[in-house]
Amino acid sequence: MKFYSGFSLKNEQHFFKEYTNISDYSVCGFSYGAIKAFLYVKEQLELKKRVDTLQLLSPAFFQTKDDKFKKIQLMAYRKSKDLYLSEFIKSCFLPHFEKSIEREENSAQELEELLYFKWNIEELKILAQKGVKIEVYLGGEDKIIDIEGAREFFKEIATVTYIKEANHFLYGEKI
């Protein structure tokens, strides 16, 4: 399995072991990593490589948010990257216990890509037509993405698993 990490994160795949398919032909991405996983699968299929499953764990889904929201996020990041990332990680775990995670360097350009990425249903349909099984996992208590918008969007093309009391990390132990 190929795994893509979320924005500013690394080595967080252990949070999702109960959901991930560890096959050599499976590609998985968490949050921002879901975008990277999707783009990777598209590229692999163009190269006639085999991919059986694309797993999108709490995929970054901001296409229902207005420009004002996105600009505020970028402005806050540029003003104080450390404070922004600290609050971001806290929000990822709300309303549950925060867990220890590893961090990776990131940039405003990556945050902008994440915020402005637009999922394309036609491109997803092409993947499905080529035999890729698409699975989406969403936490009902996710404070990061538009979970209802994501659920509505992806249900047309993917198997959507909605974990009612889970956060962005699909984790659900209450504080």
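The values are calculated or read from the model by the stated rules, or taken from the named source; none is laboratory data. What you are looking at is a predicted structure, and each value in this text was computed from that prediction instead of being measured. FYI the Cβ positions are ideal-geometry reconstructions off the backbone, even for glycines, and counts take in every protein chain you see. In case anyone asks, the SASA skips ligands and DNA or RNA and just uses the protein heavy atoms, side chains included. Shrake-Rupley method; radii C 1.70, N 1.55, O 1.52, S 1.80 Å.
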Heavy-atom accessible area of K49 with all protein chains present, probe 1.4 Å, nearest 10 Å²?
110 Å²
Enter the accessible area per residue of the chain (Å², integer; probe 1.4 Å; all protein chains in place).
52 Å²
Given R₀ = 25 Å, FRET efficiency for T161-E102 by Cβ-Cβ distance, to 0.05?
0.50
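Name the GluC sites (Glu not before Pro) in the range 1-104 that are in a loop by DSSP and that have at most 15 other C-beta atoms within 10 Å, would you?
Values: sites: E12, E18, E43, E46, E87, E98, E102, E104; in loops: E12, E18, E98, E104.
Filter output for the range 1-104: E18, E98, E104.
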Tell me the angle of helix 32-46 to the major Cα principal axis of the chain, expressed in degrees between 0 and 90 and rounded to the nearest ten.
20 degrees
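Rounded to the nearest 0.05, what FRET efficiency is calculated for E148 and L94 with R0 set to 22 Å and r the Cβ-Cβ distance? It would help to have the intermediate numbers written out before the result.
Numbers: r = 17 Å, r/R0 = 0.78.
About 0.80, to the nearest 0.05.
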Separation of alpha-carbon centers, the range 70-99 and the range 1-53, rounded to whole Å
23 Å
Label point distance in nm, A128-K48, each placed 7 Å from Cα along Cα→Cβ:
2.7 nm
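Report Rg(Cα)/(2.2 N^0.38 Å) for the chain, keeping two decimals.
So the chain has a normalised radius of gyration of 0.99.
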Ignoring ligands, DNA and RNA, please state the percent of accessible area on the chain from carbon and sulfur, probe 1.4 Å.
48 percent
If D24, D66, D52 are ordered by their accessible area, calculated over protein heavy atoms with a 1.4 Å probe, which sequence runs from highest to lowest?
D24, D66, D52
Note, the range 66-83: 3J(HN,Hα) by Karplus (6.51, -1.76, 1.60, θ = phi - 60°), whole Hz, Gly/Pro = x, goes 7, 4, 4, 4, 5, 5, 5, 4, 5, 5, 5, 4, 5, 5, 8, 4, 4, 5
Which value, in debye to the nearest 20, describes the size of the charge dipole of the chain about its Cα centre when Lys and Arg Cβ atoms bear +1, Asp and Glu Cβ atoms bear -1, and nothing else is charged?
200 debye
Need the full-extension length gain, S23 to L83, defined as separation in residues times 0.36 nm minus the C-alpha distance. One decimal, nm.
17.8 nm
Take the residue pairs K65/K130; K42/K143; K49/K118; K71/K118; K68/K118; K133/K155 and return only those whose Cα atoms are more than 19 Å apart.
K65/K130; K42/K143; K49/K118
